[in-house]
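Undergrad: Okay, handing you the structure first.
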Number of protein chains: 2
Amino acid sequence: MSQRQLSLNAFILPTGHHIAAWRRTDVPEHANHDIKKYIRIAQSAEAAKFDAVFVSDSVAAASGNGGSSLEELSLTARGTRLEPFTLLAALAAVTERIGLIGTVSTSYNEPYHLARKFASLDWISRGRAGWNLVTSSAPAEALNFNQDQLPPHEERYQRAEEFVDVVQGLWDSWEDDAFVRDKASGQFFDPGKLHVLNHKGRHFQVRGPLNVARPPQGYPVLVQAGSSEPGREIAARTAEAIFTAHQTLESAQAFYADVKGRLARYGRRPEELKILPGIFPVVGSTEEEAQARYRGLQELIDPRVGVNLLSGLIGADLSGYDLDGPLPELAATNQNKSRQALLLDLARREQLSIRELYLRIAGARGHWTVVGTPAQIADRIQQWFEHGAADGFNVLAPWLPGGLDEFIAQVVPELRRRGLFREEYSGATLREHFGLARPENRYVLQRQQDVAV
Amino acid sequence: MSQRQLSLNAFILPTGHHIAAWRRTDVPEHANHDIKKYIRIAQSAEAAKFDAVFVSDSVAAASGNGGSSLEELSLTARGTRLEPFTLLAALAAVTERIGLIGTVSTSYNEPYHLARKFASLDWISRGRAGWNLVTSSAPAEALNFNQDQLPPHEERYQRAEEFVDVVQGLWDSWEDDAFVRDKASGQFFDPGKLHVLNHKGRHFQVRGPLNVARPPQGYPVLVQAGSSEPGREIAARTAEAIFTAHQTLESAQAFYADVKGRLARYGRRPEELKILPGIFPVVGSTEEEAQARYRGLQELIDPRVGVNLLSGLIGADLSGYDLDGPLPELAATNQNKSRQALLLDLARREQLSIRELYLRIAGARGHWTVVGTPAQIADRIQQWFEHGAADGFNVLAPWLPGGLDEFIAQVVPELRRRGLFREEYSGATLREHFGLARPENRYVLQRQQDVAV
């Protein structure tokens, strides 16, 4: 198949992406901590030849934004989840080909820990690890890590940039052929092929070397999710895939053109960065059935949950306002700037009440909601894919595992009939699924350049 | 079987415990990063009904002690390994009953991260996780975490004590029956059964709650490895198992009596803390064969490796001294105090040269070396077990997987014939294997006490 192919990742939240999904009768009760359920989801996605499973994260039980409280949290299934490294390593042991992308924040972490955990995951999975880099944007996260509040947005991104540099430097500690393992002479590795990083920067001082060999992929695939100005810039410089949120084709096209256009200044080609918006698909055998299923889900949302969720996304407490009145005037906050702008714009454009707005975002939380028949959903995917809006999608199943099963059973075959999605894996690593080159070790490159000069 | 039973853990280092093990022809070349090999070891230990596998750790490639250098490191297989959480989570997915103990340092970590990773591992394994708490004692580790040198020994232990308190507090965030998951009413959990820790201490400020439900074991089993004075005290207060190093029955008995004697002051009974010395067994069908195998291993040690290893353990550079002369006079250092005293004492007692001393410790690195037939090894184990020196052992296989296979095939049946070791698992969790009670949630206890008053 020489035609350009879609990438598809299965996004895993415990009960699915819709805030009220846990209340569906077909969603397992013990979904949050049941490894057997996660294994079943990953194996289904692998049988369907998805590029990867994608696990989100947060280092707090509640967001701590806006009107969030334990009472409101108690009406959702979102307070608890398995930690990404342990979850993905377990999945690595019982899958063979599917990629394993985990979200890890740079905000309250150390590059040495993160570099070795991802290197280990890449070894355990034989080259299937991906890191979704985020900075922590929930005030509740700061409170779990010796701080009273979040660092400013810009500060977080500066730290993230240095963090990535250190992590990639550590991954290059050992050249790929450093280990000679000569049992007769007693030489285990060639010391000329081990490199001490000696990083001394503004946020980090890390000597190295890493105590894990260079990962099978060279570097695990670097994914990013920030769509703010500094988020786009760090993505253009370092990311290999972007997880982004757009409600309309036009918005996705503008983002796609903007980010791809930034690559050249870092000496990169457009195909070196995959742009993967979220899609929240609700499938039905007819359009009416799909709409009815979507309505059924929406009706499960408790108004307190809806307002709380909206408050968290928008960065302001909306619990005192009339649900059926308009969104109040809000000052721009320092957190979640791009998400806030997206929501304010949506409310203004369509003149939505607070209730209408939370209903709009509670399901897909800012992502693209597509409700229809398999052919209708495939049409929309094809349109975005072929008109400069996406290289593939993160599939945010409304509920799990059923919502993903239906997408796999009904939409994926439709995409295959159109020649848009693989029938079989052609590669073994996540990097190969995404069509990304394996990065050469910086010290080997340096040596090659020295010889060339 | 009502007789008191031995606990046995299989200690996993990539190529085995002996420093030159990797040079044996039967040790796999790619041992360090090959998950299939680790799975095979864990499954063998589980088939033999071991209590747990036990993974050591270090957050640096080289110790950075004494005469350590990259050249010397390159003569060993010790520079790289898989990270414990990712390794153990992968093993959890392909085993059913065996415990999974991982070493994690409190020195460069955050309690929130550690609490949630162990809680996740406990969920993924359905109650089989154990945490071997250490403080970092290698200067090279400090250099990977923004520091120029290690904090003083006492400071490290004070931090460790507070760290454990925070972690256990976070594990109690959710009461065991907090989750009602009432799909009809929309109530997912009972907010009265979720507790916010609000810890504010000298080293940490952590609000909580944890974003993982209370672990199946209540708390994952807490193991400790320090044998210094503050190490013994923190163990007596909080540990449920101790991994310790003793060369003689007398030394092990003295340690056993000392630590068990400290428990009462914390309101604990002797059986609430298992004392598990390391044993480094070299098995042969005759004593001569066992001795020949041990000599064969010892002869594989490069003198540069031996001196470097000894320097690291003793905290002083010995590379300039005559190998066949005595150990020089050494000032006590701040690091590894108990290990240093053990070695100086051994050298003095037996008038060993530097070479003799490194040969003595290079194999078992301070642990108890037992070379003999299966019956002879079982005799010694039985002696320690029945004479107040041990509740069980961490089996440090000289090489892997072969050395463990032989212990399982030859020594374990001998222990079973004597009624000292289980034929089948009677419990499902690590806590049950060790015969330890499941701790009640502190808030439930508090409520019970309030009612009683």
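Undergrad: What's the exposure ranking of A:F118, A:F145, A:F393, going from fewest to most Cβ atoms within 10 Å?
TA: A:F145, A:F393, A:F118
Undergrad: Also, quick follow-up: Using modelled backbone amide H atoms (1.01 Å from N, in-plane), which distant-in-sequence or interchain residues come within less than 5 Å of A:S7's amide H?
TA: A:G392, A:F393
Undergrad: Would you mind telling me the antiparallel percentage of the DSSP bridges in the protein assembly as shown, rounded to 5?
TA: Just about 15 percent of them are antiparallel.
Undergrad: Going by how many other Cβ atoms sit within 10 Å of their own, how do A:S251, B:S285 line up, fewest first?
TA: So the ranking, lowest neighbour count to highest, is B:S285, A:S251.
Undergrad: Would you work out which of B:G392, B:Q340, B:V259 lies farthest towards the positive end of the dipole of region B:235-393, given +1 charges on the beta-carbon of Lys and Arg and -1 on that of Asp and Glu, about the Cα centre?
TA: Going by the Cα projections, it comes out as B:V259.
Undergrad: Rounded, prolate or oblate, given the Cα gyration tensor of the protein assembly as shown, with a/c below 1.5 counting as rounded?
TA: prolate
Undergrad: Just to confirm the numbers: A:V180, label point 7 angstrom along the Cα-Cβ line, distances to the other copies in nm, shortest first?
TA: 6.9
Undergrad: Hey, another quick one. Lys/Arg Cβ at +1, Asp/Glu Cβ at -1, dipole of chain A taken about the Cα centre: which of A:A428, A:L13, A:L100 is farthest positive-ward?
TA: A:A428
Undergrad: At 0.36 nm per residue, and after removing the present C-alpha to C-alpha distance, how many nm does the segment from A:E154 to A:S319 gain when stretched out fully?
TA: Stretched out fully, the A:E154 to A:S319 stretch lengthens by 56.5 nm.
Undergrad: What aspartates and glutamates could a cross-link reach from A:K183, if we take a straight Cα to Cα line under 19 Å and drop same-chain neighbours fewer than 8 places away?
TA: Within the straight-line cut-off, A:K183 pairs with B:D26, B:E29, B:D34, B:E71, B:E72, B:E299, B:D302.
Undergrad: Under the classification rounded if a/c is under 1.5, otherwise prolate if a/b is larger than b/c and oblate if not, where does region A:260-392 fall, given a ≥ b ≥ c as square roots of the Cα gyration tensor eigenvalues?
TA: It is oblate, given that a/c is not under 1.5 and a/b is not larger than b/c.
Undergrad: Relative to the first principal axis of the alpha-carbon coordinates of chain B, what is the inclination of helix B:229-238, with its axis defined by its Cα atoms, in degrees from 0 to 90 and to the nearest 10?
TA: Approximately 40 degrees, to the nearest ten.
Undergrad: Still on this structure: Just to check I understand the Karplus step: with θ = phi - 60° and J = 6.51 cos²θ - 1.76 cosθ + 1.60, what whole-Hz values come out for region A:12-28, glycine and proline as x?
TA: Going residue by residue, I get 10, 10, x, 10, x, 7, 6, 4, 9, 3, 4, 7, 5, 5, 8, 9, x Hz, with x marking Gly and Pro.
Undergrad: Here is a follow-up. Out of the GluC sites (Glu not before Pro) in region B:376-453, which ones are loop residues according to DSSP with at most 15 other C-beta atoms within 10 Å?
TA: Loop-located and lightly packed - B:E423, B:E424, B:E440.
Undergrad: Amide H to amide H under 5 Å from B:E240: which residues, 5+ apart in sequence or cross-chain, H placed 1.01 Å off N in plane?
TA: Sorted by chain and number, the residues that satisfy this are B:L222, B:V223, B:Q224.
Undergrad: Sticking with this structure for a sec: Which percent, to the nearest 5, of DSSP beta bridges fully inside chain A are antiparallel?
TA: 15 percent
Undergrad: Just to confirm the numbers: A:E440, label point 7 angstrom along the Cα-Cβ line, distances to the other copies in nm, shortest first?
TA: In ascending order, 6.6 nm.
Undergrad: Looking only at region A:149-181, which residues have a backbone nitrogen under 20 Å from a spot 7 Å from the Cα of A:E229 in the C-beta direction?
TA: Correct set: A:151-162.
Undergrad: Helix B:442-452 versus the longest principal axis of chain B: what angle, 0 to 90°, nearest 10, using Cα atoms?
TA: With both axes taken from Cα atoms, the answer is about 50 degrees.
Undergrad: Charges at C-beta only: +1 for Lys and Arg, -1 for Asp and Glu. How large is the resulting dipole of the protein assembly as shown about its Cα centre, in Debye rounded to 20?
TA: Its charge dipole is roughly 360 debye.
Undergrad: Here's another thing I want to ask about it. Too long at a 29 Å Cα-Cα cut-off: which of B:K49/B:K274; A:K117/B:K36; A:K36/B:K274?
TA: A:K36/B:K274
Undergrad: On a 0 to 90° scale, report how tilted helix A:303-314 is relative to the longest principal axis of chain A, with both axes built from alpha carbons and the result rounded to the nearest 10.
TA: Between the helix axis and the principal axis of chain A, the angle is about 40 degrees.
Undergrad: Karplus couplings for region A:152-165 from phi (6.51 cos²θ - 1.76 cosθ + 1.60, θ = phi - 60°), rounded to Hz, Gly and Pro as x?
TA: Those phi angles translate into x, 3, 5, 4, 4, 6, 5, 4, 4, 4, 5, 4, 4, 4 Hz.
Undergrad: A follow-up question, please. Can you list the residues, at least 5 places off or on another chain, whose amide H is less than 5 Å from the amide H of A:G284, using H built in the peptide plane?
TA: A:A290, A:G372, A:T373
Undergrad: Next question, about the same structure. Label position 7 Å from Cα toward Cβ: report the copy-to-copy distances for A:E350 in nm, one decimal, ordered from shortest.
TA: Sorted ascending, the copy-to-copy spacings read 7.9 nm.
Undergrad: What list of ³J(HN,Hα) couplings, whole Hz, do you get for region B:169-184 from phi and the Karplus terms 6.51, -1.76, 1.60, once you set θ to phi - 60° and write x for glycine and proline?
TA: Calculated HN-Hα couplings, in order: x, 5, 4, 8, 3, 10, 5, 4, 10, 5, 8, 8, 6, 8, 5, 5 Hz.
Undergrad: With a/c under 1.5 counting as rounded, go ahead and sort chain A into rounded, prolate or oblate using the C-alpha gyration tensor (a ≥ b ≥ c being the square roots of the eigenvalues; past the cut-off, prolate if a/b is larger than b/c, else oblate).
TA: prolate
Every number here is computed from the coordinates shown, using simple stated rules; none is lab data. Keep in mind that this is a model prediction, so the values were computed, not measured. Cβ sites come from the backbone with ideal geometry, for glycine too, and all protein chains shown count toward neighbours.
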